[in-house]
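Asks: I am attaching a structure below and will ask some questions about it afterwards.
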Amino acid sequence: MEKRVVLKNCGVIDPKDIASYLAVDGFEALKKALKLTSQQVIDEVKASGLRGRGGAGFPCGLKWELASKAKGAEKYVIGNADEGEVGTFKDRYILENDPFSLIEGIAIAGYAIGAKKAFIYLRAEYHFLLDLVNNAIAQVKKKGFLAHLDIEVREGAGAYVCGEESALMDSIEGKRGEVRYRPPFPPTSGLWGKPTIINNVETLTNIPRIMLNGAGWFAKMGTEKSKGTKVFSVSGDVAKPGVYELELGSPLRELVEKLAKAERVKAVQIGGATGRIIPYAMIDAPLSFESVLGAGAITVFDETRDIVDIVEKTMEFLAEESCGKCTPCREGTEVMAETMERFMRGEGTNKDIRVLKELAETMMLSSLCGLGQAAPIPVVDSLEHFRGDYDNHIRQK
Amino acid sequence: MKRAGRNGDKGKLLVLLEAAQAKSAHVSRDTITELAESLELSIGEVYGVASFYSFLATEPRGRNIIRICKSLPCLLKNAQVIIDSVRKELGIKPGETTADGRFSFELTNCIGACDKAPAMMINSDVHGDLTPKKIAKILEAYK
C-alpha cells in the first residue's frame with residue numbers, strides 16, 4: 001500500500017502558488033524550528049533516524065551536526081537535484097509538484113547548520129523546471145521565510161557524475177565535475193573549502209514532515225535501520241510506470257507486481273546503473289538500507305530479456321559517464337564494457353568471466369568514489385544469478 | 001584578498017559558459033579565449049570545462065537540438081525505433097546537423113522521463129510516450 005509522506009502535497013497543491021502550500025501547514029515546520037535552538041533541530045533530525053535518500057544512506061542528522069560543529073562563519077547547504085541515475089525521476093516529480101517542501105527543508109537545514117547561502121543544483125535535463133523552482137523561491141522569499149538564508153539555483157550541464165557530492169561541488173565552483181579525494185569530507189571542507197551539507201531533494205523534503213510531526217512519529221515508520229518512507233521510480237517492463245511512495249521495509253513484490261503491475265518478471269535492477277540486479281526468486285526482499293535500496297530506481301525486466309544485453313548497456317553507460325580521474329574506474333568501466341560487448345557478439349570466453357570477477361574486486365576496492373566502487377555490481381550480480389545468460393553467449397561461438 | 005576575488009570570478013565559469021551556449025547554441029573558440037582572459041584562466045582550463053559537460057558544445061550546431069534517450073528504461077520501450085525514425089525523417093545520423101541548420105541530433109543518457117519512455121528532449125522540452133507516427137508532427141513545431 002502506498003504511504004504518502006514525502007509526496008503528501010503532490011497533486012494536492014498548486015506548485016505555482018504558495019497560498020495552496022500554506023493551506024496545508026506549509027512553513028509551520030520552519031516556524032517551529034526557528035523557535036528551537038539549532039542544536040535542538042539537529043537532535044530532532046538525528047532522533048528521527050532519517051538517512052540520505054540519494055543512495056548512500058548516510059545519517060542526515062549526523063551530517064548536519066558535523067557541519068554545525070565545523071569551524072567557520074561561512075557555511076553552505078546544497079540541495080542535490082542532479083538526479084542522473086538511470087531510471088530515476090522521483091526528484092523531478094517532487095520538484096514539479098511540490099517545490100515548496102524542498103525549499104522549506106533547505107530553510108530548516110540552513111538554520112540548523114548556520115548557513116546563510118544555499119544552492120539547488122538542478123540537472124541540465126530539468127531546465128524546464130527552472131522557472132517553476134525560481135518562482136517558488138521568490139514567493140517564499142516574499143512571504144519572509146528566507147530572512148536567514150539566500151537560495152540560488154545552479155544548473156548542471158550534462159554529467160552523471162555531478163550527482164556525486166564532491167563532483168557536484170566542483171561543478172558549482174565552475175570546474176570540471178571531477179571527484180575529490182576524501183577526507184576532508186564536505187561537512188568540514190566542502191564548497192570553496194567551507195563546511196557544507198549536501199542532501200538529496202527527497203531527504204530535504206522529509207525535513208518539514210519530521211519537524212512538524214516529531215521524530216517519534218517518523219521513527220515509527222520503517223525498519224530498525226531504515227526509518228520513514230521511500231519514494232521509488234518504477235520503469236521498464238511494467239504496465240504502470242511511475243512514482244510510488246512506500247514505507248521502508250515493504251517487499252519489492254508489492255511495488256513491482258501490485259502497484260506497477262509487472263508480469264512474468266525475470267529480474268529487477270534496484271538503484272540504477274550501479275544498482276543490484278535481483279532475480280525474481282528474491283522478489284519478496286524488503287526495500288530497505290539493510291537489504292537493497294539505492295536512490296529508489298526500479299527497472300523491471302521481463303522473461304523475454306537477456307541479462308547480458310542489459311549489463312552490456314549498463315556498462316556502456318558507466319564507461320561514458322566515468323569522470324576519468326581515477327584509473328580503476330576510468331579503465332575498469334571501459335574494459336568491462338568492451339568485454340560485455342564481446343559476449344554480445346558471441347565471442348566471450350570463460351577466461352573473460354574470470355577477468356571480469358577480478359577486475360570487479362579491484363574496482364570496488366580502489367575506486368575514488370561511489371561510481372567506480374559500485375560500477376561492477378551489475379556484472380557481479382548478473383554472474384551470480386544469471387550465469388546461464390552468459391553461457392548462452394559463450395556457446396554461440 | 002586578491003586570490004579570494006579571483007576564486008569568486010572563476011566560480012562563474014560554468015554559468016558563463018552556459019549563458020554563451022544559450023545565446024549561440026555552442027561555445028565558440030572566441031568565447032573560450034575571451035573567458036580565459038577575463039577570468040585569468042588558461043585556454044586549456046576553460047576548454048577543459050566546456051568539453052567536460054555533454055550539454056555544452058564546442059562546435060557549431062543546429063538551431064534545435066534533439067536528444068533521444070538511449071538509457072535502459074527507454075531502450076526497453078523500443079527507443080531504437082524512435083532513433084531510426086528521427087534518422088529517417090531528418091536524413092542525418094546521431095552526431096550530425098541537417099544541412100539547413102535546423103536540427104542537430106544526438107543520443108543522450110537518462111533524462112529522467114522513464115515513466116514516459118521512450119522519451120526525447122528537443123531543446124529543453126521533454127517529449128514522452130513516443131511512437132514513430134508522432135515524430136514528424138513533433139518536429140514540425142521546431143523551425
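The values are calculated or read from the model by the stated rules, or taken from the named source; none is laboratory data. This structure is a prediction, so every number in the text was calculated from the model and none was measured. Every residue, glycine among them, receives a Cβ derived from its backbone with ideal geometry; neighbour counts consider all protein chains shown.
Asks: For the subset of the stretch A:88-98 comprising residues that are over 13 Å from A:V6 (Cα atoms) and under 11 Å from the mean Cα position of the chain (by Cα), which member is surrounded by the fewest Cβ atoms within 10 Å (Cβ to Cβ)?
Replies: A:F89
Asks: Among all residue pairs at least 6 apart or on different chains, which show Cβ distances below 7 Å where the first residue, located in the stretch B:80-97, is more than 20 Å from B:N109 (Cβ to Cβ) and the second is surrounded by 15 or more Cβ atoms within 10 Å (Cβ to Cβ) and of a type in the set (K, R)?
Replies: Cβ pairs passing all conditions: B:T97/B:R61.
Asks: Across the stretch A:114-131, what is the number of residues that are surrounded by 16 or more Cβ atoms within 10 Å (Cβ to Cβ), touching a Leu at 6+ places or on another chain (Cβ under 9 Å) and touching a residue at least 40 places away in the same chain (Cβ under 8 Å)?
Replies: The number of residues fulfilling the criteria is 8.
Every residue, every condition in (1) among the small types (G, A, S); (2) more than 21 Å from the chain's Cα centre (by Cα), yes or no:
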site	(1), (2)
B:A25	yes, no
B:E37	no, yes
B:Y47	no, no
B:L56	no, no
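Asks: How many of the residues making up the stretch A:1-48 are of a type in the set (A, V, I, L, M, F, W, C), part of a loop (DSSP other than H, G, I, E, B) and surrounded by fewer than 17 Cβ atoms within 10 Å (Cβ to Cβ)? Let's see the steps before the verdict.
Replies: As a first pass, look at the stretch A:1-48 and keep what is of a type in the set (A, V, I, L, M, F, W, C): A:1, A:5-7, A:10, A:12-13, A:18-19, A:22-24, A:27, A:29-30, A:33-34, A:36, A:41-42, A:45, A:47.
Those still in the list that are part of a loop (DSSP other than H, G, I, E, B) too: A:1, A:5-7, A:10, A:12-13, A:23-24, A:27, A:36.
Then keep just the ones that are surrounded by fewer than 17 Cβ atoms within 10 Å (Cβ to Cβ); that gives A:1, A:12, A:23-24, A:36.
Number of matching residues: 5.
Asks: Taking the stretch A:237-270 on its own, how many of its residues are of a type in the set (A, V, I, L, M, F, W, C) and part of a loop (DSSP other than H, G, I, E, B)?
Replies: Going through the stretch A:237-270 one residue at a time, the tally reaches 5.
Asks: Given the conditions (1) outside any loop (DSSP other than H, G, I, E, B); (2) touching a helix residue (DSSP H, G or I) at 6+ places or on another chain (Cβ under 6 Å), report the number of the one that A:N206 does not fulfil.
Replies: Exception for A:N206: condition (2).
Asks: Give me the pairs, please: first residue somewhere in the stretch B:32-45 and within 18 Å of B:A19 (Cα to Cα) and free of Cβ contacts under 8 Å to residues at least 60 places away in the same chain, second residue anywhere and of a type in the set (V, I, T) and part of a loop (DSSP other than H, G, I, E, B), beta-carbon distance under 8 Å, and either six or more positions apart or on two chains.
Replies: Close Cβ pairs (under 8 Å, with a partner that is of a type in the set (V, I, T) and part of a loop (DSSP other than H, G, I, E, B)) amount to B:I32/B:T58.
Asks: Can you list residue pairs whose Cβ atoms sit under 8 Å apart, with the first residue in the stretch A:30-56 being over 20 Å from A:E202 (Cα atoms) and the second being among the polar types (S, T, N, Q) and at pLDDT 95 or above? Count only pairs 6 or more apart in sequence or on different chains.
Replies: From the stretch A:30-56, the pairs are A:S38/A:S68; A:Q39/A:S68.
Asks: If we only count helices (runs of 4 or more DSSP H) wholly inside the stretch A:94-194, which ones have 2 or more residues that are within 12 Å of chain B (Cβ to nearest Cβ)?
Replies: A:130-142, A:165-172
Asks: Out of A:G61, A:G79, A:G57, which single residue is of a type outside the set (S, T, N, Q), surrounded by 24 or more Cβ atoms within 10 Å (Cβ to Cβ) and away from chain B (no Cβ under 14 Å)?
Replies: Unique residue meeting the criteria: A:G79.
Asks: Residues in the stretch A:240-261 that are more than 12 Å from every other protein chain (Cβ to nearest Cβ), within 21 Å of B:A117 (Cα to Cα) and aliphatic (A, V, I, L, M): how many?
Replies: Pass one, the stretch A:240-261, residues more than 12 Å from every other protein chain (Cβ to nearest Cβ): A:245-259, A:261.
Going one step further and asking which of them are within 21 Å of B:A117 (Cα to Cα), we end up with A:245, A:255-259, A:261.
Add one more test, that the residue is aliphatic (A, V, I, L, M), and what stays is A:255-256, A:259.
Residues meeting the conditions: 3.
Asks: Then there is this: Being surrounded by fewer than 20 Cβ atoms within 10 Å (Cβ to Cβ), under 26 Å from B:I122 (Cα atoms) and aromatic (F, W, Y) is true for just one of B:Y53, B:Y47. Which residue is that?
Replies: After applying the criteria, what remains is B:Y47.
Asks: A further question follows. Working carefully through the options A:I270, A:I310, find the one that is touching a helix residue (DSSP H, G or I) at 6+ places or on another chain (Cβ under 9 Å), more than 10 Å from chain B (Cβ to nearest Cβ) and buried (at least 19 other Cβ atoms within 10 Å of the Cβ).
Replies: None of the other options fit; the residue is A:I270.
Asks: Among A:I298, A:I307, which is the only one that is within 27 Å of B:L107 (Cβ to Cβ), in contact with a Lys or Arg (Cβ under 8 Å, 6 or more places away or on another chain) and of a type in the set (V, I, T)?
Replies: Working: A:I298 fails: in contact with a Lys or Arg (Cβ under 8 Å, 6 or more places away or on another chain).
Residue meeting the stated conditions: A:I307.
Asks: I need every pair where a residue in the stretch A:365-384 that is outside the structural domain of A:E83 (by TED's automatic domain parsing) and part of a helix (DSSP H, G or I) has its Cβ under 7 Å from the Cβ of a residue that is of a type in the set (K, R) and buried (at least 20 other Cβ atoms within 10 Å of the Cβ), sequence separation at least 6 or different chains.
Replies: Qualifying pairs under 7 Å: A:I377/A:R276; A:D381/A:R276.
Asks: Quick one: which residue in A:K227, A:K258, A:K240 is charged (D, E, K, R), closer than 21 Å to B:C110 by Cα and either buried (at least 22 other Cβ atoms within 10 Å of the Cβ) or assigned by TED's automatic domain parsing to the domain that holds A:G294 (or both)? Steps first, answer last, please.
Replies: Values: A:K227 fails: closer than 21 Å to B:C110 by Cα; A:K258 fails: closer than 21 Å to B:C110 by Cα.
Within the list A:K227, A:K258, A:K240, the selection yields A:K240.
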